[in-house]
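Peer 1: Provided herewith is a single structure, encoded as structure tokens, for subsequent inquiry.
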Amino acid sequence: MRRKLPGDAPPAAGGGHAPSASAPSEADLAQLSAAIAAGEDLGPFVRRAFACGRPEPLLASLRAAVRDREAEIEELCRAHFHDFIRAVDDLRSLLADADALKGSLSASHSALLSSAAPLLASLESFLAARSLAGNLSSALASSRRCVRLLALAARANAHLQAGNHGLYLALRAVDAIDRDLASGPEPLPLPTLRRMLLSVVPAVRAHAEREISREFSDWMVSIRAASRHLGQVAIGRSAAARQRQEELRSKHRPLEECITLDDDGVGDLDDFAAAAATADAADGAAAASFDLTPLYRAMHIHQTLALGERFKKYYLENRKLQLTSDFDVIAATPFLESHQVFFSQIAGFFIVEDRVFRTGGGLTSRPDVDALWDAAVGKMVSVMEDNFSRMQTANHLLLITDYAALLSATLRRYGYPVGMLLDVLAKHRDKYHDLLLADCRRQVAEALAADKFDQMLMRKEYEYSMNVLAFGIQSSDITPAFPYVAPFSCTVPDICRIVRSFIEDSVSFMAHGGGGDTYAAVKKYLGRILSEVVDASIQKLVDSGSGLSVSQAMQVAANMSVMERACEFFTRHAAQLCGVPLRAVERGRHDFPLRRSRDAAEALLLRLLRAKADEFMRQSDGVNWMADDPPPGGNEYANEVIIYLETLTSTAQQILPLPVLRRVLVAVLAHISERIVDLFLNDSVKRFNANAVTGIDTDLKMFEAFAEGMSSLFEDSDQESVKNEMKAALVEARQLVNLLMSNSPETFLNPVIREKNYNKLDYRKVAIISEKFRDTSESYFSTFGTRGARQNPKKKSLDTLIKRLREAS
């Protein structure tokens with residue numbers, strides 16, 4: 001029978017079903033059955049039924065489904081009923097066996113308990129002992145840990161008491177404490193000790209940082225003072241090395257002169273290169289004179305404190321401040337007085353930086369050092385240009401330039417680029433030489449003003465060596481007897497010393513800071529001092545006259561001849577100082593740079609000699625132009641001129657070079673010849689006769705004899721050519737006298753004869769002089785006695801000449 005469900009509706013009366021409001025369709029029932037069979041959610045069906053307001057059909061369908069399931073369950077139970085009965089029977093049979101087993105187990109348990117009781121007691125004792133042992137081991141480990149930490153703390157204290165040398169070991173100890181506290185398996189059992197250690201670790205580190213910072217600050221102050229001394233030592237060694245190089249160059253210079261252009265002995269100069277390299281290596285030893293240990297210790301301590309980068313930055317900032325303060329100090333003091341200290345400070349600063357860079361373990365880098373150097377070079381260039389522009393003394397400029405060049409040479413050995421510094425020195429090369437030329441111009445002017453232009457007297461051999469041999473102006477290699485009277489005045493050695501000093505100063509500037517081809521530049525400036533200073537000063541003296549006498553003018557001319565040899569010495573001296581072989585200098589021919597003043601001096605001497613000759617010639621007023629007889633022995637003026645010329649020649653041949661003396665004598669004789677012609681042309685001479693001409697002829701013969709006698713002085717020349725040259729100086733007067741003494745003066749009109757015998761005569765002058773010439777027979781009273789007599793052929797020829805010359809004019 002099916003059980004009655006609580007939701008079943010009562011049966012309708014009459015035994016039939018109650019009619020539903022709307023019976024579900026077959027399709028709806030089929031869908032619901034399928035959903036129930038599939039175990040799907042029936043919610044959509046329920047919602048739809050209630051949404052329609054008619055859930056009864058759904059309930060009916062569900063009841064039908066329940067009834068179907070109950071029927072299936074009853075069938076299943078009926079199918080397995082017998083198996084269930086058999087299972088119950090099996091369980092009942094097992095119950096008796098289970099009771100027997102339970103009893104056996106209870107007996108075994110009781111036996112086991114009775115036998116294991118002593119063992120359990122022993123186990124409990126063992127566990128208690130093991131627990132006690134564990135506690136003791138833990139206590140011992142904690143004690144050992146505490147002891148180790150306290151020992152590290154004691155060690156740190158000991159290192160701290162040892163000063164800054166123990167800071168690193170103290171930091172290692174506190175680092176070990178810190179690692180133990182941070183990485184230990186468990187915290188310290190003593191909280192007080194732990195708190196104490198945790199407070200000590202940062203305190204020790206802070207103390208180490210303070211102490212090492214204080215030591216570093218002290219080192220920064222001390223290294224600044226040490227840098228100045230270090231720079232002075234390094235620059236001094238550079239100067240010594242340069243001096244050794246110059247000495248070696250001087251030592252090997254004679255050897256270089258013996259080497260041909262395709263020389264096989266270049267290896268002989270290896271000693272010079274080796275010595276220069278040794279000097280460079282010795283300069284590097286200056287870097288060992290200072291101690292960087294405090295710096296390295298500070299860097300190591302900061303790296304230990306994990307503050308390495310901060311320390312690097314701090315170091316660079318402090319060094320920049322020090323460099324800036326160095327430039328501020330130089331700005332507050334005169335540069336000339338403080339430039340050596342300034343350059344020494346800079347040199348020491350960068351020697352220290354180079355050492356720190358090479359041995360500091362990365363404390364500084366190449367860009368950092370280069371940045372410091374660039375800043376320093378820029379500031380030094382600015383300071384030097386500013387001070388150079390305001391300097392007006394060559395010695396001051398040379399002094400600073402030389403020290404700056406030593407600074408450049410010193411720092412170049414440490415790898416610093418010094419091109420900008422050398423460019424500044426080269427830039428002011430012209431200004432330095434202009435100042436030097438101005439000083440030399442003043443010195444030369446003072447030397448010329450102080451000279452009395454007398455021959456220089458030397459009483460001792462050292463004076464000869466100092467004033468003659470030192471400048472190569474000796475005329476002979478044989479040492480003269482003393483006292484020795486030189487052919488020049490004291491101006492010559494004074495000017496030589498001035499020029500030699502100029503050359504040495506120029507070479508010093510060019511070799512150490514001028515840049516470029518040293519010899520070419522020195523040669524250029526040597527030409528300037530000779531032309532713009534010496535030549536101009538002497539020419540100014542000569543042109544002004546300054547009351548110079550004939551002897552003084554002669555001495556000036558003699559000085560110029562000696563200066564010609566001195567100029568050759570100047571060129572050789574410049575080449576030697578510049579390291580240029582003399583064979584290269586002597587190969588070329590050089591013009592005399594003082595030729596203008598030399599020519600001016602000779603012109604002044606000639607001017608004075610002509611004036612002196614004119615002074616004697618003015619005595620020609622005593623010449624009797626209408627003498628009855630020729631003057632015996634010539635006219636008085638001629639004798640005085642001859643005496644003066646002989647006296648002059650005896651003095652001049654001792655000091656004047658023979659070529660100069662030759663030119664002077666020729667010019668004086670030519671002037672005398674002109675003055676003799678002018679005597680005939682003088683307006684005061686209205687007439688002259690043959691006796692006067694004969695007297696002038698005697699005068700000319702005396703001058704010609706003097707010229708012939710002077711030719712013997714010139715032994716090194718062709719005496720015949722010298723004689724002809726001197727006689728040629730008197731040719732105009734000689735041709736005029738010959739014409740006046742000729743029996744046929746009209747032959748002057750013949751071009752062939754005139755070109756051969758009278759080529760120096762001007763026909764206008766001949767016409768004027770011929771008008772004045774009258775024979776003695778043509779006197780005022782002699783015409784009465786000769787009236788009707790035969791005319792003199794010479795008179796006739798002279799009249800013809802005068803007539804023809806009048807027609808030509």
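The values are calculated or read from the model by the stated rules, or taken from the named source; none is laboratory data. Note that this is a predicted model, so its numbers are computed, not measured. All Cβ positions, even for glycine, are placed from backbone atoms using ideal geometry, and neighbour counts span all protein chains on display. Note: accessible area is taken over every heavy atom of the protein model, side chains too, but ligands, DNA and RNA are not part of it. Shrake-Rupley method; radii C 1.70, N 1.55, O 1.52, S 1.80 Å.
Peer 1: Starting from 0.36 nm per residue, how many nanometres of slack lie between Tyr462 and Ala128 once their C-alpha separation is accounted for?
Peer 2: Gain on extension, Tyr462 to Ala128, equals 108.3 nm.
Peer 1: Where only protein heavy atoms count, and the probe is 1.4 Å, what is the accessible area per residue for the range 106-202 in Å²?
Peer 2: Counting only protein heavy atoms, the per-residue value for the range 106-202 is 66 Å².
Peer 1: Next question. May I ask for the distance between the Cα centers of the range 78-106 and the range 291-315, given as a whole number of Å?
Peer 2: 92
Peer 1: Do any of Lys612/Lys803; Lys765/Lys796; Lys760/Lys794; Lys452/Lys612; Lys701/Lys795 go past 31 Å between their Cα atoms, and which?
Peer 2: From Lys612/Lys803; Lys765/Lys796; Lys760/Lys794; Lys452/Lys612; Lys701/Lys795, over 31 Å: Lys612/Lys803.
Peer 1: Now for a separate question. Note the full-extension length gain between Asp517 and Ser183 as 0.36 nm times their separation in residues minus their Cα-Cα distance, in nm to one decimal.
Peer 2: Full extension from Asp517 to Ser183 adds 112.9 nm.
Peer 1: Quick one: Debye curve from the alpha-carbon atoms of the range 418-457 only, equal weights, vacuum; give me log10 I(q)/I(0) at q = 0.20 Å⁻¹ to two decimals.
Peer 2: Calculated log10 I(q)/I(0) at the listed q: -0.68.
Peer 1: Leaving out ligands, DNA and RNA, and with a 1.4 Å probe, what % of the accessible surface on the range 418-543 is carbon or sulfur?
Peer 2: 53
Peer 1: Once ligands and nucleic acids are excluded and a 1.4 Å probe is used, how much of Arg754 is accessible, expressed in Å² to the nearest 10?
Peer 2: Estimated to the nearest 10 Å², Arg754 gives 80 Å².
Peer 1: Of the peptides 109-120, 632-643, how do they stack up when ordered by the mean number of other Cβ atoms within 10 Å, highest first?
Peer 2: 632-643, 109-120
Peer 1: If packing is taken as the mean number of other Cβ atoms within 10 Å per residue, what is the order of 95-104, 37-46, 416-425, 360-369, highest first?
Peer 2: Going from most to least packed, we get 416-425, 360-369, 37-46, 95-104.
Peer 1: If you don't mind, another one. For the range 74-231, which whole-number percentage of the solvent-accessible area (1.4 Å probe, protein heavy atoms only) is attributable to carbon and sulfur atoms?
Peer 2: Carbon plus sulfur share of accessible area: 64 percent.
Peer 1: How much space per residue, in cubic angstrom, does the convex hull of the C-alpha atoms of the range 590-686 take up?
Peer 2: So the per-residue Cα hull volume is 108 Å³.
Peer 1: Could you work out how much longer the chain between Leu658 and Lys431 gets when fully extended? Use 0.36 nm per residue separation minus the Cα distance between them, nm to one decimal.
Peer 2: In short, 77.5 nm is gained.
Peer 1: What ranking, highest mean first, results for peptides 685-692, 499-506 when packing means the other Cβ atoms within 10 Å averaged over each residue?
Peer 2: 499-506, 685-692
Peer 1: List the relative contact order of the range 341-473 as a percent without decimals, with contacts defined as Cα pairs under 8 Å and 6+ residues apart.
Peer 2: 25
Peer 1: Say R0 is 51 Å: what FRET efficiency, to the nearest 0.05, do Glu646 and Glu247 get from their beta-carbon distance?
Peer 2: 0.40
Peer 1: Would you mind getting the accessible area per residue of the range 549-708, heavy atoms of the protein chains only, 1.4 Å probe, in Å²?
Peer 2: With the other protein chains kept in place, the range 549-708 gives 43 Å² per residue.
Peer 1: Another question about this same structure. What does the accessible area of Glu755 come to, in Å² to the nearest 10, when a probe of 1.4 Å is used?
Peer 2: 120
Peer 1: Which whole-number value in Å² is the accessible area per residue of the range 391-431, probe 1.4 Å?
Peer 2: For the range 391-431, the solvent-accessible area averages 41 Å² per residue.
Peer 1: If contacts are Cα pairs under 8 angstrom and at least 6 residues apart, what is the relative contact order of the range 149-227 in percent?
Peer 2: In percent, rounded to a whole number, it is 26.
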